[in-house]
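Below is one structure, written out as structure tokens, with a few remarks after it.
The values are calculated or read from the model by the stated rules, or taken from the named source; none is laboratory data. The structure displayed is predicted, hence computed values, not measured ones. Every residue, glycine as well, gets a Cβ built from its backbone with ideal geometry; the counts of neighbours run over all protein chains shown. Calculation scope for accessible area: heavy atoms of the full protein, side chains included, ligands and nucleic acids excluded. Shrake-Rupley method; radii C 1.70, N 1.55, O 1.52, S 1.80 Å.
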Amino acid sequence: MAIIDLDQKIKQALQTWRKRNYEGTSPVTRRLLEFWFKEEHILSDGSRFEFWQCQRESIEALIYVYEVCKYQSLYDLARGFGVSIPVDPTKDLWPKYCFKMATGSGKTWVMTMVIVWQYFNKIFGINNGVRYSSHFLLLAPNIIVLDRLEEAFGDNRVFREFPFIPTEWQADFDFQFIKQSEV
């Protein structure tokens with residue numbers, strides 16, 4: 001298996017950053033990371049809930065490169081980590097982030113964490129030189145995936161049934177899921 005230099009360097013940086021208690025994050029982001037990964041979660045059926053390591057690494061990587069390092073392009077990201085990638089900086093104008101995750105590894109959970117992270121930083125007015133959003137566009141590659149996303153997000157089920165939002169912030173969360181066929 002080929003080793004991807006940029007991936008390895010980000011993973012190394014994450015280990016150090018995690019040991020430093022998420023240094024450089026906003027108070028909102030730090031609260032979410034501590035809530036998700038350091039607090040115990042018991043679901044309504046009494047079972048214990050923990051996020052998987054791959055989910056944790058994905059959201060931490062995004063937060064680290066976007067909020068802490070403030071990389072806004074693949075070109076800047078590669079340069080910042082000292083990796084050569086053939087990217088034309090004049091055409092790399094929009095932030096683009098992706099995660100390679102296997103089927104069944106919890107991509108929906110990661111999307112949910114991204115939404116919660118961005119949303120609360122935006123509505124609490126965090127001003128740290130980073131743009132946050134309270135609007136999100138989810139693209140599905142087919143009807144089956146769209147149906148799964150609607151099942152998770154349609155009635156806010158994923159936010160209600162699983163520990164994504166700290167209790168003290170739940171009243172501040174207003175999420176509406178609108179499909180392309182709805183006006």
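Below is a table of values for the structure above.
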item	result
Among the residues listed as T25, T29, the single one being in contact (Cβ under 8 Å) with a residue 24 or more places away in the chain, assigned to a helix (DSSP H, G or I), farther than 22 Å from G82 by Cβ and of a type in the set (S, T, Y)	T29
Residue, farthest from V130 (Cα to Cα), within segment 86-110, restricted to residues that are among the β-branched types (V, I, T) and over 13 Å from the mean Cα position of the chain (by Cα)	T103
Search result, residues across segment 45-59 that are out of contact with any strand residue (DSSP E or B) (no Cβ under 8 Å at 6 or more places or on another chain) and assigned to a loop (DSSP other than H, G, I, E, B)	D45, G46, S47, F51, W52
Pairs, first closer than 19 Å to I63 by Cβ in segment 130-147, second open to solvent by 80 Å² or more (accessible area, probe 1.4 Å) and of a type in the set (D, E, K, R), C-beta under 7 Å, six or more apart	V130/K70; Y132/K122; S133/K122; S134/K122
Considering residues of segment 161-183 that are open to solvent by 80 Å² or more (accessible area, probe 1.4 Å) and of a type in the set (V, I, T) only, the residue farthest from F120 (Cα to Cα)	V183
Subset of segment 143-160 [open to solvent by less than 70 Å² (accessible area, probe 1.4 Å) and in a loop (DSSP other than H, G, I, E, B)]	G154, N156
